[in-house]
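Engineer: Dropping the structure in here first, questions after.
Derivation of every value follows stated rules applied to the coordinates shown; laboratory data play no part. Model, not experiment: these values are computed from the prediction. Please note: Cβ atoms are built from the backbone with ideal geometry, for glycine as well, and neighbour counts cover all protein chains shown.
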There are 2 protein chains.
Amino acid sequence: MASNIRITFFGTGGSWPTPGRGMPSIGLQIDEVFNLLDCGEGTQKQIMKSKLSFMRIRNVFITHFHGDHFLGLLGLVQSMSFNGREEPLDIYGPAGAIGILSNALNVGYYTLGFQVRIHELRAGEAYDLGKFVVRTHRNDHPVPALAYSFEEKDMVRIDREKAEKLRIPSRLLERLREQGSIEYGGKVYTIEDVKGGIRKGRKVVYTGDTRPMADMAEFARDADVLIHETTTDSSLEPKVNEYGHSSSRQAAEIARDAGVRRFFLFHYSPRVSDLGALESEARGIFPESYLSRELMEYDVPVRR
Amino acid sequence: MASNIRITFFGTGGSWPTPGRGMPSIGLQIDEVFNLLDCGEGTQKQIMKSKLSFMRIRNVFITHFHGDHFLGLLGLVQSMSFNGREEPLDIYGPAGAIGILSNALNVGYYTLGFQVRIHELRAGEAYDLGKFVVRTHRNDHPVPALAYSFEEKDMVRIDREKAEKLRIPSRLLERLREQGSIEYGGKVYTIEDVKGGIRKGRKVVYTGDTRPMADMAEFARDADVLIHETTTDSSLEPKVNEYGHSSSRQAAEIARDAGVRRFFLFHYSPRVSDLGALESEARGIFPESYLSRELMEYDVPVRR
């Protein structure tokens, strides 16, 4: 069975909030595994407005330690504890994560009823998290910052006709795919007996904050979804680039060069009121460009 | 001229947010002086939804260092800096404030373009802040915690008839009140020459978190406004008191015993969905009980 992969945008702004736009945070559900990508101030309240429960977050991936991308963690972790969480929480981030988060999660008076495990990830590495693989990419930003790629593993397709000919009951096929072989009616069948090709796993890339980088297109190659920061449109490009950010034009070029299926604009400057201008600019370059909006959901289609 | 004193409730919940209720924070404007009382997560966004500008905050008073009461400061201070603030910001809190806030305001990467001055206040003291006096009261809560009383100074009433008889132009009367004496037409007039009695200054008390305390009624004596925490109604009193909080019944008794003019309920548990029950319970004891609501404003009437 293919996984359900759902993206929920909790906050889509950057730097500081506006009345209608919160600090960056994205939910990435891969079946029952709820991953949180960045966690700016106000994220817990946004999650409460969504269909998701903040108690079920398994992993948190922080792109970098500018306040707008992680200060929501402090209250979120306390709320989890208030509500009786006992399962450990894994938080991943770039170099410096352990020092910064150990300090941040000790601010003020409180006791934590569960374990927070902080992991520093290196750039350019791949980490197997069971259900999916996470790859990291070093961003071009004034502080250590990572882009993340979440990659579903490839899956053997089962040829139903082959299975029927061998009289393997359909209820056993999922187990055969998982285990690679089963015994049934005194015989051993392997996955090769029923194989109907390979379904490529899906890929979701979230950049966090970065200047435009040619090798980001390589990193995002063939992704189902690219969420690339777009702080403003190109009219402010020199300033935006100076501060380590990208324009909608620059991000759309990366989406086009990477050959992604869908590109979401994200991380809008609080000074931008007309998001339509960013979207039009991006679509002129890459037609499958879409604005992310607060509490918007997107189900990543299974590859055929 | 009497000051304009306005209260704005930015967040009215406690512990953790709900979709419709944020973490505790209150604006107390005394003419041009914008004081912020507590600053839970999400406060800056709420201020942006109000008529006020977060850039104009002069003083912040933190009751205690449980996360829900102060974690919003971290992002707020960063946003002030992003927006070019240069004026110093004064933050007041109970014992431990300097250590906790110096640490908290250093979390993650950022530079601050203005000075943050942190002041630890002792319980049971009075501090003259020019336009008003702040008094502190030691709360009954598991960590060091203060209640605050903000007291407008008493003001001499000017008897217009006396002033007219002396032929002092009305444009000079405000200066006479401020300076105590003026010279006009070769003569010196003192405030005693035009005095028409004293108008008592107004008093606004905010408790922050506390178990009910008999001496809180003394502290809040004759206040124009008492904002007392009311975590739940009395059905959960033993549990609420155990954790260092008050019920709506207990807070209303204090409002009644203190003889305040108006009592606002505040700091509702996220487990409370029916605020009407808290209000009815309070009104049964003290009729001038009102629920605080997110973004509600209240102008404190001048005393006659």
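Engineer: So, in Å, what gap is there between the alpha-carbon centers of region A:51-89 and region B:66-129?
Structural biologist: 24 Å
Engineer: Could you size up the charge dipole of region A:225-291 around its Cα centre, putting +1 on the beta carbon of Lys and Arg and -1 on that of Asp and Glu, and report it in debye to the nearest 20?
Structural biologist: The dipole of region A:225-291 has a size of about 140 debye.
Engineer: Suppose you put the label 7 Å out from Cα in the Cβ direction; list, shortest first and in nm with one decimal, how far B:Lys239 is from each other copy's label.
Structural biologist: 5.2
Engineer: So, counting K/R as plus one and D/E as minus one, what does the shell of residues with Cβ under 12 Å around B:Ile191 add up to? Write down the numbers at each step before the final one.
Structural biologist: Details: positive: B:Arg157, B:Lys162, B:Arg175, B:Arg177, B:Lys195; negative: B:Asp159, B:Glu174, B:Glu178, B:Glu192, B:Asp193.
After counting each charged neighbour, the total is 0.
Engineer: Here is a further query. In 10 Å bins starting at 0, how do the alpha-carbon pair distances of region B:1-107 split up by percent?
Structural biologist: Per 10 Å bin, starting at zero, the Cα-Cα P(r) for region B:1-107 comes out as 15, 50, 31, 5, 0 percent.
Engineer: Same structure, new question: Explain nothing, just the number: dipole magnitude of chain B about its Cα centre with +1 on each Lys and Arg Cβ and -1 on each Asp and Glu Cβ, in debye rounded to the nearest 20. Present the calculation step by step, with values, prior to reporting the outcome.
Structural biologist: On the way: 40 positive and 41 negative charges, 199 e Å.
Computed charge dipole of chain B: roughly 960 debye.
Engineer: How big is the protein assembly as shown on each of its three principal axes, counting only the C-alpha atoms and giving the largest first in Å?
Structural biologist: The Cα atoms of the protein assembly as shown stretch 112, 58, 36 Å along their principal axes.
Engineer: Mind checking the dipole of region A:156-197: about its Cα centre, +1 per Lys or Arg Cβ, -1 per Asp or Glu Cβ, Debye to the nearest 20?
Structural biologist: Details: 10 positive and 8 negative charges, 20 e Å.
That gives a dipole near 100 debye.
Engineer: Once both axes come from the Cα atoms, what is the angle between helix B:275-285 and the longest principal axis of chain B, in degrees from 0 to 90, rounded to 10?
Structural biologist: The angle comes out at about 60 degrees.
Engineer: Please give the calculated 222 nm ellipticity per residue for the protein assembly as shown, where each DSSP H segment of at least 4 residues contributes -39500 (n - 2.57) and the sum is spread over every residue; nearest 500 deg cm²/dmol?
Structural biologist: Result for the protein assembly as shown: -7000 deg cm²/dmol, rounded to the nearest 500.
Engineer: Show me the trypsin sites (Lys or Arg not before Pro) within region A:43-92 that DSSP assigns to loop and that have at most 12 other Cβ atoms within 10 Å of their Cβ. Walk me through the numbers on the way to the answer.
Structural biologist: Details: sites: A:Lys45, A:Lys49, A:Lys51, A:Arg56, A:Arg58, A:Arg85; in loops: A:Lys51, A:Arg85.
Sparse-neighbourhood loop trypsin sites (Lys or Arg not before Pro): A:Lys51.
Engineer: With a sphere of radius 12 Å drawn around the Cβ of A:Met55, what net charge do the other residues whose Cβ falls strictly inside it have (Lys, Arg +1; Asp, Glu -1)?
Structural biologist: Charge balance in the 12 Å sphere: +1.
Engineer: Tell me which of B:Ile158, B:Phe132, B:Leu112 sits at the most positive position along the dipole axis of chain B, charges placed on C-beta atoms (Lys, Arg +1; Asp, Glu -1).
Structural biologist: Among B:Ile158, B:Phe132, B:Leu112, the one farthest towards the positive end of the dipole of chain B is B:Ile158.
Engineer: If you don't mind, another one. Loop-only trypsin sites (Lys or Arg not before Pro) in region A:107-163, please: DSSP not H, G, I, E or B, and at most 11 other Cβ atoms within 10 Å.
Structural biologist: Answer in residue order: A:Arg122.
Engineer: Let me ask something additional. Say the cut-off is 20 Å between C-alpha atoms; which of A:Lys239/B:Lys49; A:Lys153/A:Lys195; B:Lys131/B:Lys203 go over it?
Structural biologist: A:Lys239/B:Lys49
Engineer: May I ask for the net charge around B:Leu295, where only other residues with Cβ less than 13 Å from the Cβ of B:Leu295 are counted and Lys, Arg are +1 while Asp, Glu are -1?
Structural biologist: Numbers: positive: B:Arg6, B:Arg21, B:Lys45, B:Lys49, B:Lys51, B:Arg293; negative: B:Glu294, B:Glu297.
Local net charge: +4.
Engineer: Copy-to-copy spacing for A:Lys195, label 7 Å out on the Cα-to-C-beta vector, in nm, shortest first?
Structural biologist: Counterpart label points of A:Lys195 in the remaining copies fall at 10.2 nm.
Engineer: May I ask for the distance between the Cα centers of region B:249-272 and region A:202-272, given as a whole number of Å?
Structural biologist: Between the Cα centres of region B:249-272 and region A:202-272 lies a distance of 51 Å.
Engineer: Treating the point 7 Å from Cα along Cα-beta-carbon as the label, what are the nm separations from A:Met296 to the other copies, to one decimal?
Structural biologist: Nearest first, the other copies' label points are 3.6 nm away.
Engineer: Partner chain Cβ atoms within 10 Å, averaged over the residues of A:101-109 - can you pull that number for me?
Structural biologist: So the per-residue partner count for this stretch is 6.
Engineer: Put +1 on the Cβ of every Lys and Arg and -1 on every Asp and Glu Cβ in chain B; which of B:Gly84, B:Pro19, B:Ser3 then has its Cα farthest towards the positive end of the dipole?
Structural biologist: B:Ser3
Engineer: Given contacts defined as C-alpha pairs under 8 Å and at least six residues apart, what's the relative contact order of chain B, whole-number percent?
Structural biologist: 17 percent
Engineer: Moving to a separate point now. Name the residue farthest towards the positive end of the dipole of region A:172-257 from the options A:Gln179, A:Ala252, A:Thr231, assuming +1 on Cβ of Lys and Arg, -1 on Cβ of Asp and Glu, about the Cα centre.
Structural biologist: Farthest towards the positive end: A:Gln179.
Engineer: At 37 °C and a viscosity of 0.692 mPa s, what translational diffusion coefficient does Stokes-Einstein give for region A:166-242, taking Rh as the Kirkwood radius over Cα pairs? Give it in µm²/s as a whole number.
Structural biologist: The estimated diffusion coefficient comes to 195 µm²/s.
Engineer: Same structure, new question: Taking N as the number of residues in region B:156-197, what is its alpha-carbon radius of gyration divided by 2.2 N^0.38 Å? Kindly include the intermediate steps, with their values, before the conclusion.
Structural biologist: Working: Rg = 8.9 Å, N = 42, 2.2 N^0.38 = 9.1 Å.
So region B:156-197 has a normalised radius of gyration of 0.97.
Engineer: How much FRET efficiency would the formula 1/(1 + (r/R0)^6) give for A:Met55 and B:Glu32, where r is the Cβ-Cβ distance and R0 is 30 Å, rounded to 0.05?
Structural biologist: After rounding to 0.05, the efficiency reads 0.10.
Engineer: With r defined as the distance between the Cβ atoms of A:Ser170 and A:Ser102 and R0 fixed at 51 Å, what FRET efficiency is calculated, to the nearest 0.05? Write out the running numbers ahead of the final one.
Structural biologist: On the way: r = 50 Å, r/R0 = 0.99.
About 0.50, to the nearest 0.05.
Engineer: Determine Rg/Rh for region B:216-304; Rg is computed over alpha-carbon atoms and Rh is the Kirkwood hydrodynamic estimate from the same atoms.
Structural biologist: Radius of gyration relative to Kirkwood radius: 0.97.
Engineer: Another question, if that's okay. If you filter region B:172-278 for chymotrypsin sites (Phe, Trp or Tyr not before Pro), then keep DSSP loop positions with at most 10 other Cβ within 10 Å, what is left?
Structural biologist: none
Engineer: For a test of the definition: using alpha carbon positions, the gyration tensor, and the 1.5 limit on a/c, classify chain A as rounded, prolate or oblate. Mind showing how you got there, number by number?
Structural biologist: On the way: a/c = 2.18, a/b = 1.41, b/c = 1.54.
Because a/c hits 1.5 or more and a/b fails to exceed b/c, chain A counts as oblate.
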